[in-house]
Amino acid sequence: MVTTMNTSDEIEQMFQPYNFELCRDMRPYLEEYWATSFAIALIYLLVIFVGQNYMKARKGFNLQGPLILWSFCLAVFSILGTLRMWGYMGTLMLKGSPKQTVCFSSFINTPIIQFWSFLFVLSKVVELGDTAFIILRKRPLIFVHWYHHSTVLVYSSFGYKNRVAAGGWFMTMNFGVHAIMYTYYTMKAAKVKCPRWFPMLVTSLQILQMFIGAIVSILAYIWRQEKGCHTTKEHLFWSFILYATYFVLFAKFFHQNYIMPKIKAKTKSQ
């Protein structure tokens, strides 16, 4: 445990926080009101139902300008989060050990992690706006979209409140995938011609994220007997269940959108 603390202190010296990352710690507030995430998720699902019914008899809005700005802002935010989190977590793993990043939550109290984890939890509320654009533009709203948005919102709040050490990797991977995903969404909204493999790359990274997330959850459970390891059966259950369902849903999406069309096209050509 002493080694863990020493490594965290060493990395904190290497990664000095910027002035904007030294803001007031909002953890007490979010920990107290974390259950609000359930209410937000329920309201989100209700708004989807009401919104789709409202738009049934109406023509979809264009919203190209707002969508470009929206996706661009989320892309920039995700890129900044990726640079800070991957730099910190990667160094923590190399200087310490993978076990330290999965089990021990001492690094959670560093200014950089406090700042970006706080913004990460709030961003899951902001990202619900993605669905508003889909509904208002009358685009197909698939199950994996709203299921993923609503459950990630609740689980992020749960992990934040319970100081789940493995949440550091969950957040870091999510930032990385979203940096690429929202960059693609920005280009698509701006009608910039993207390589055909770009959307496949996004979905592939999402699938990989879910697979690694499930592995991290299992490792945290295996190492839970280590002195100072901050994880429980409850953490394992919810994280593994969610990552497993995400993996299946994104894999199914990949198969339906990228594999089946090729099979059908090949069959027709024959």
(message) I'm trying to understand the selection: among the residues of the range 226-254, which are farther than 14 Å from PHE158 by Cβ and among the acidic types (Asp, Glu)?
(response) GLU226
(message) Return the pair list, or none, for Cβ contacts closer than 7 Å from residues in the range 118-147 that are in contact (Cβ under 8 Å) with a residue 12 or more places away in the chain and under 22 Å from TYR160 (Cβ atoms) to residues that are among the small types (Gly, Ala, Ser) and in a helix (DSSP H, G or I), at least 6 apart or on different chains.
(response) PHE120/GLY81; PHE120/SER156; VAL121/SER156; VAL121/SER157; LYS124/SER156
(message) Looking at LEU83 and the list (1) buried (at least 17 other Cβ atoms within 10 Å of the Cβ); (2) at pLDDT 90 or above, which single condition is not satisfied?
(response) (1)
(request) Quick one: TYR243 ticks every box in (1) in contact with a Gly (Cβ under 7 Å, 6 or more places away or on another chain); (2) farther than 30 Å from PRO140 by Cα except a single one, so which number is it? (result) (2)
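Each row is one residue, and each column tells you yes or no for (1) modelled with pLDDT of 85 or more; (2) over 22 Å from ILE142 (Cα atoms); (3) not aromatic (Phe, Trp, Tyr); (4) not in a loop (DSSP other than H, G, I, E, B).
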site: ASP25; (1), (2), (3), (4): no, yes, yes, no
site: TYR29; (1), (2), (3), (4): no, yes, no, yes
site: TRP34; (1), (2), (3), (4): yes, yes, no, no
site: PHE38; (1), (2), (3), (4): yes, no, no, yes
site: ILE43; (1), (2), (3), (4): yes, no, yes, yes
site: LEU46; (1), (2), (3), (4): yes, no, yes, yes
site: PHE61; (1), (2), (3), (4): yes, no, no, no
(request) Looking only at the range 69-88, decide whether some residue is assigned to a helix (DSSP H, G or I), more than 28 Å from THR186 (Cβ to Cβ), of a type outside the set (Asp, Glu) and free of Cβ contacts under 8 Å to residues at least 40 places away in the same chain. (result) no
(message) Checking the conditions here, which among LEU242, LEU201, LEU205, LEU153 is under 23 Å from SER78 (Cβ atoms), aliphatic (A, V, I, L, M) and surrounded by fewer than 16 Cβ atoms within 10 Å (Cβ to Cβ)?
(response) LEU201
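The values are calculated or read from the model by the stated rules, or taken from the named source; none is laboratory data. Just so it is clear, the structure is predicted and the values come from calculations on it, not from any experiment. We place every Cβ from the backbone using ideal geometry, glycine too, and count neighbours over all the protein chains shown.
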